[in-house]
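Contents: one structure, followed by commentary.
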Amino acid sequence: MGLDFTIIPKYLDIILLGCAWTIGITIAAAILSFFGGILFAVIALYAPWIIRQPFRLIEWMFMGTPLLLQLFLIYFGLVQIGIDLPAFVAGVIGLGLHFAVYNSELIQTAILSVDKGQMEAARTVGLSRSQALRKVVIPQAVRAVIPPIGNNMIALLKDSALVSVIGVSELTLSAQRVIGKTYRPFEFYILAAAFYYVINLCMEWVQRKIERRISISR
Amino acid sequence: MTDNPEFVQIRHAQKSFGKLEVLKDISLNVARGQIVAIIGPSGSGKSTLLRAINDLDPLTGGEVWLDGVQVNKTLPHRQYEAHINAMRQQVGMVFQHFNLFPHMTARENVTMAPKMLKGLSNDEADKLAEEQLEKVGMLDRMEYYPSRLSGGQKQRVAIARALAMKPKLMLFDEATSALDPELVDEVNQVMKKLAEEHMTMIIVTHEMDFAASVCDRVLFMDQGVVVEEGPPDVVFRNPSKDRTREFLRKHLAGAK
């Protein structure tokens with residue numbers, strides 16, 4: 001059977017809904033991974049030993065095991081200990097924390113490379129160390145690290161497809177469902193790919209906007 | 001004006017990095033309103049001494065007192081942090097490399113600490129910024145980010161930032177050493193203005209002319225000790241120690 005793209009409009013609403021879920025889960029997980037990344041970086045660099053050690057275990061878990069396994073664990077595993085999360089929430093937490101660990105690595109390096117004089121200047125006007133970190137050091141570190149974090153966020157968008165395995169009807173799963181009804185894999189996978197591409201472009205655009213805003217102040 | 005001859009008091013300051021002793025039992029009193037210059041070769045410990053006054057480089061021995069309160073007193077960690085933050089609010093510091101916050105405008109650099117620490121409203125803080133930036137002649141650059149300012153302008157904003165906390169004491173750590181020669185004067189002018197307002201100042205500097213013209217007292221330091229101190233015309237024109245003479249000869253020869 002040949003290709004027939006005219007079938008697309010009939011199922012477009014399902015695909016668009018999947019798109020919305022993908023965008024929603026990506027945005028939510030991106031926000032979690034950004035602020036989680038800052039928090040993790042601060043813990044890794046400044047927290048007392050007793051907090052840092054268990055945290056390192058979590059970090060290792062998220063970096064050293066497949067994201068797929070992490071999603072299974074959060075969605076199916078946690079139920080057994082009484083934590084029953086909706087699939088969307090489980091997906092956001094899994095993706096968000098997974099990428100928070102990667103963002104944290106970037107932010108840690110950036111914090112350490114902020115000139116020592118910045119902390120000193122902040123302390124000499126009377127700020128405490130945590131105030132100085134919050135107002136002076138971390139804002140500079142985060143600005144320096146926006147481009148590589150942007151790359152992580154694009155990886156996050158692509159990996160959001162994995163959330164389909166715990167039943168979130170995001171773009172990839174929606175495409176699969178439509179294919180199940182129509183037996184038209186090529187048309188709908190291509191369509192899904194096109195949507196991913198468009199979302200990708202939007203994210204790059206947003207990233208450029210942010211970078212440009214920030215570059216004025218550097 | 002010198003109502004309090006022991007406004008700043010350093011008693012037997014001692015500082016070692018491992019086996020290296022950079023400050024060897026230094027004592028020094030500065031009266032309120034007095035301006036003291038510290039000169040000496042690099043590695044003499046003059047910056048370390050200055051940075052000990054607000055505990056940026058904590059001493060390993062000895063005491064620092066400001067206006068009747070010990071700066072480096074022994075307290076449990078949390079209490080010490082609160083104490084030192086309160087002390088530092090009273091001591092303005094200006095660095096060789098300005099250390100302006102690059103992600104904030106000149107105005108924000110000035111207003112950040114007063115807003116955070118003194119709870120100033122936006123309006124009050126902006127008024128304060130205008131006052132302080134006017135004083136250093138930077139009112140027209142209020143909304144500029146540091147990247148668009150020259151070195152001299154940056155340093156003037158840094159001075160305004162320190163003044164915004166209404167300090168009792170100003171410390172200058174080679175404030176003009178990183179500046180192009182033609183920009184030094186604008187910063188010196190600001191410092192002179194502060195001197196006329198009787199701000200108590202301790203200035204680490206390489207600029208003998210400036211030290212001679214504004215300071216009440218000059219300290220020559222070498223290898224962790226105060227070799228010689230006195231009024232500038234004595235120390236500069238008629239030093240009593242060989243080491244001072246040699247330093248001045250070399251330094252003035254190098255400067256010309």
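The values are calculated or read from the model by the stated rules, or taken from the named source; none is laboratory data. Keep in mind that what you see is a predicted model, and the values were worked out from it rather than measured. Cβ: placed from backbone, ideal geometry, glycine included. Neighbour counts: every protein chain shown. Heavy atoms of the whole protein, side chains included, go into the accessibility calculation; ligands, DNA and RNA do not. Shrake-Rupley method; radii C 1.70, N 1.55, O 1.52, S 1.80 Å.
If I filter region B:42-66 down to residues being farther than 19 Å from A:ALA122 by Cβ and surrounded by fewer than 17 Cβ atoms within 10 Å (Cβ to Cβ), which single residue comes out as farthest from the other protein chains (Cβ to nearest Cβ)?
Within region B:42-66, the match that is farthest from the other protein chains (Cβ to nearest Cβ) is B:GLY61.
Of everything in region B:86-101 that's touching a residue at least 24 places away in the same chain (Cβ under 8 Å) and more than 14 Å from the chain's Cα centre (by Cα), which residue is nearest to the other protein chains (Cβ to nearest Cβ)? Before you say what the answer is, go through the steps one by one.
Filtering region B:86-101 for residues touching a residue at least 24 places away in the same chain (Cβ under 8 Å) gives B:87-101.
Remaining after also requiring more than 14 Å from the chain's Cα centre (by Cα): B:87, B:100-101.
Working: B:MET87: 8, B:LEU100: 8, B:PHE101: 6 Å.
Per the stated criteria, the residue is B:PHE101.
For region B:68-89, indicate whether the set of residues that are at positive phi and surrounded by fewer than 23 Cβ atoms within 10 Å (Cβ to Cβ) is non-empty.
There is at least one residue in region B:68-89 that is at positive phi and surrounded by fewer than 23 Cβ atoms within 10 Å (Cβ to Cβ).
Which one of the conditions (1) more than 14 Å from chain A (Cβ to nearest Cβ); (2) open to solvent by 50 Å² or more (accessible area, probe 1.4 Å); (3) modelled with pLDDT of 95 or more does B:LYS154 fail to meet, given that it meets all the rest?
Among (1) more than 14 Å from chain A (Cβ to nearest Cβ); (2) open to solvent by 50 Å² or more (accessible area, probe 1.4 Å); (3) modelled with pLDDT of 95 or more, the lone unmet condition for B:LYS154 is (1).
Kindly indicate whether B:PRO167 is buried (at least 19 other Cβ atoms within 10 Å of the Cβ), out of contact with any helix residue (DSSP H, G or I) (no Cβ under 8 Å at 6 or more places or on another chain) and either among the aromatic types (Phe, Trp, Tyr) or within 13 Å of chain A (Cβ to nearest Cβ) (or both). Give the derivation first.
Working: buried (at least 19 other Cβ atoms within 10 Å of the Cβ): yes; out of contact with any helix residue (DSSP H, G or I) (no Cβ under 8 Å at 6 or more places or on another chain): yes; either among the aromatic types (Phe, Trp, Tyr) or within 13 Å of chain A (Cβ to nearest Cβ) (or both): yes.
In short, yes.
So, B:ALA162, is that one in a helix (DSSP H, G or I), in contact with a Phe, Trp or Tyr (Cβ under 7 Å, 6 or more places away or on another chain) and either open to solvent by less than 10 Å² (accessible area, probe 1.4 Å) or of a type in the set (Phe, Trp, Tyr) (or both) or not? Steps first, answer last, please.
Values: in a helix (DSSP H, G or I): yes; in contact with a Phe, Trp or Tyr (Cβ under 7 Å, 6 or more places away or on another chain): no; either open to solvent by less than 10 Å² (accessible area, probe 1.4 Å) or of a type in the set (Phe, Trp, Tyr) (or both): yes.
For B:ALA162, the condition - in a helix (DSSP H, G or I), in contact with a Phe, Trp or Tyr (Cβ under 7 Å, 6 or more places away or on another chain) and either open to solvent by less than 10 Å² (accessible area, probe 1.4 Å) or of a type in the set (Phe, Trp, Tyr) (or both) - is not met.
Name the residue that is surrounded by the most Cβ atoms within 10 Å (Cβ to Cβ), counting only residues in region A:116-142 that are touching a Pro at 6+ places or on another chain (Cβ under 9 Å) and not β-branched (Val, Ile, Thr). Write out each step before concluding.
So in region A:116-142, the residues touching a Pro at 6+ places or on another chain (Cβ under 9 Å) come out as A:118, A:125, A:140.
With not β-branched (Val, Ile, Thr) added as a condition, the list becomes A:118, A:140.
Details: A:GLN118: 19, A:GLN140: 21.
Only one residue fits best here, namely A:GLN140.
Can you name every residue in region B:199-233 that is farther than 20 Å from B:ILE26 by Cβ and in a helix (DSSP H, G or I)? Spell out the reasoning first.
Quick first cut of region B:199-233, residues farther than 20 Å from B:ILE26 by Cβ only: B:199, B:207-210, B:212-214, B:233.
Residues satisfying the conditions are B:MET208, B:ASP209, B:PHE210, B:ALA212, B:SER213, B:VAL214, B:ASP233.
Quick test for you: out of B:LYS115, B:LYS127, pick the one residue that is open to solvent by 10 Å² or more (accessible area, probe 1.4 Å), without any contact (Cβ under 8 Å) to a residue 40 or more places away in the chain and within 13 Å of chain A (Cβ to nearest Cβ).
Values: B:LYS127 fails: within 13 Å of chain A (Cβ to nearest Cβ).
Every option except B:LYS115 fails the conditions.
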